[in-house]
Amino acid sequence: MLEINAKLLRDQSAVFMCGEVVECLIDFIHPSLPEHKISQSNSDILENLAWATVQLHCYCNASFNEKAPHDAAANRNVGGSTSLNASNQLKGEVLHSTEPKILFCDLRLSPGEAKQFLYRETVPLNTPPTYRGIRVKYYYKITVATQRLGSTVQALNIPIRVLPLPLPQSDLDEAITLNDESNEDLAPNNPFLEKKRPPSRIEYALHYLRGVTARRRPNFFMINNKWGKVGRFCLFKSAYKLGEDIVATIDFSCGTIKCVQLSVTLQCEETELLHGAVSPPSGTPSAKEDSKGADSADVASSTAEGANEPERPKNISRVTNYSKHHEVCLGMLQTQVILPIPLHVTPTFRTELIEVSWRLHFQFVTSTNAELSSEMLLDRTAESEEGLEWVAPTDIAIETMIWSLPITIYPTAPLQIPQPCGEYKLNIK
């Protein structure tokens with residue numbers, strides 16, 4: 001019997017960024033024979049492995065993008081004699097795989113002998129992050145495949161979590177990121193100091209991450225409905241990292257109607273990007289509102305053109321709730337909202353299949369009941385110097401107003417996510 005033990009060198013956190021190097025120690029061990037067992041020949045002592053390879057696979061398991069059976073069978077034959085044959089036991093299709101690295105060929109181990117190998121691989125940059133959604137799942141496995149003489153191929157899978165690499169999206173962001181380095185270049189050169197090495201891609205990404213998620217100027221939003229002003233919402237920034245707290249304030253002193261109840265939820269929206277689908281942009285008026293001021297001839301012609309066009313599919317969105325803040329805010333002038341961002345969620349990203357975005361979903365329960373107005377409370381208090389006890393009405397007319405505010409969630413440093421990686425074992429009998 002042979003044992004294969006695999007363990008990541010970074011045992012405190014099995015989380016990596018795209019472009020980061022993954023290091024894994026792989027041990028092939030032949031346990032010692034029991035003392036009471038006597039070997040009959042040399043073949044009983046030595047264990048022989050024909051070959052062993054290691055690869056990093058990115059899998060995609062999409063329930064709405066299933067392939068035909070003949071396509072799936074063709075993908076299984078692509079691997080040939082590599083470890084892909086053994087890795088096809090997992091759910092989903094291989095979205096990306098690195099080049100297989102051969103650890104050895106024809107390895108012979110005597111009882112009590114062990115061989116150790118170090119596997120180093122760079123996580124590809126053009127692959128999606130680890131994501132376990134409703135209809136789409138992306139996950140990564142380090143596959144150690146080997147074959148014993150006269151046996152089938154066996155594989156050991158080591159899971160890792162991959163985060164997207166945050167890079168500047170515009171020239172302005174890149175200029176802000178490189179501002180410190182440009183100032184250092186203008187300093188006089190000192191021949192006695194060693195030249196500073198250029199930052200790596202990971203260091204550059206972490207530097208940009210600290211700058212883009214730093215506190216900027218606050219954003220104010222006036223919340224109104226058809227009866228008047230509800231309040232003013234203040235969000236200090238719109239970009240956050242995993243593990244941060246979303247802190248905001250709501251001022252009801254400027255409102256003209258009463259807000260009875262408040263609910264704020266951190267939501268993750270998963271949108272399926274179907275081929276040829278269209279989604280109406282947010283904030284644009286509907287077709288019904290646009291046609292009010294149009295002539296009857298224009299309306300008839302647009303209706304005829306719309307009837308001739310084939311109906312295109314629409315993108316399907318699904319929402320998952322995470323942190324939630326609920327509060328009865330009747331009589332309050334100000335309140336604050338604190339929503340923690342979990343470390344296990346996936347930041348904002350987009351692929352050919354889906355788009356994952358984040359938003360703050362608000363529910364304001366308002367009322368225009370006269371008994372809840374502050375003027376009536378002041379009049380009752382002024383009637384007598386003695387304190388009066390106010391009794392809330394039994395039934396009040398309410399309206400619920402819904403509003404969603406998009407935000408951007410970036411990844412954090414991998415070492416700040418505590419996700420220990422244990423030791424994975426495989427016994428070959």
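All conditions but one from (1) polar (S, T, N, Q); (2) under 26 Å from Phe64 (Cα atoms); (3) part of a strand (DSSP E or B) apply to Thr127; the one that does not is (3). Looking at Ser238, is it open to solvent by less than 80 Å² (accessible area, probe 1.4 Å), without any contact (Cβ under 8 Å) to a residue 12 or more places away in the chain and out of contact with any helix residue (DSSP H, G or I) (no Cβ under 6 Å at 6 or more places or on another chain)? Against the criterion (open to solvent by less than 80 Å² (accessible area, probe 1.4 Å), without any contact (Cβ under 8 Å) to a residue 12 or more places away in the chain and out of contact with any helix residue (DSSP H, G or I) (no Cβ under 6 Å at 6 or more places or on another chain)), Ser238 does not qualify. Taking segment 203-220 as the range and being of a type in the set (A, V, I, L, M) and either open to solvent by 40 Å² or more (accessible area, probe 1.4 Å) or within 12 Å of Lys241 (Cα to Cα) (or both) as the test, the residues that pass are Leu206, Leu209, Val212, Ala214.
Output yes when any residue across segment 276-290 is at pLDDT 65 or above and touching a helix residue (DSSP H, G or I) at 6+ places or on another chain (Cβ under 9 Å), and no when none is. No, every residue in segment 276-290 fails to be at pLDDT 65 or above and touching a helix residue (DSSP H, G or I) at 6+ places or on another chain (Cβ under 9 Å). The residues of segment 103-147 that are open to solvent by 60 Å² or more (accessible area, probe 1.4 Å), under 24 Å from Gly19 (Cβ atoms) and not basic (Lys, Arg), listed by number, are Leu118, Thr122, Leu125, Asn126.
The values are calculated or read from the model by the stated rules, or taken from the named source; none is laboratory data. Predicted model only: the values in this text are computed from it and were never measured. Using ideal geometry, Cβ is built from the backbone for each residue, glycine included, and neighbour counts are taken over all protein chains shown. Please note that ligands, DNA and RNA were not included when accessible areas were found on the heavy atoms of the full protein model with its side chains. Shrake-Rupley method; radii C 1.70, N 1.55, O 1.52, S 1.80 Å.
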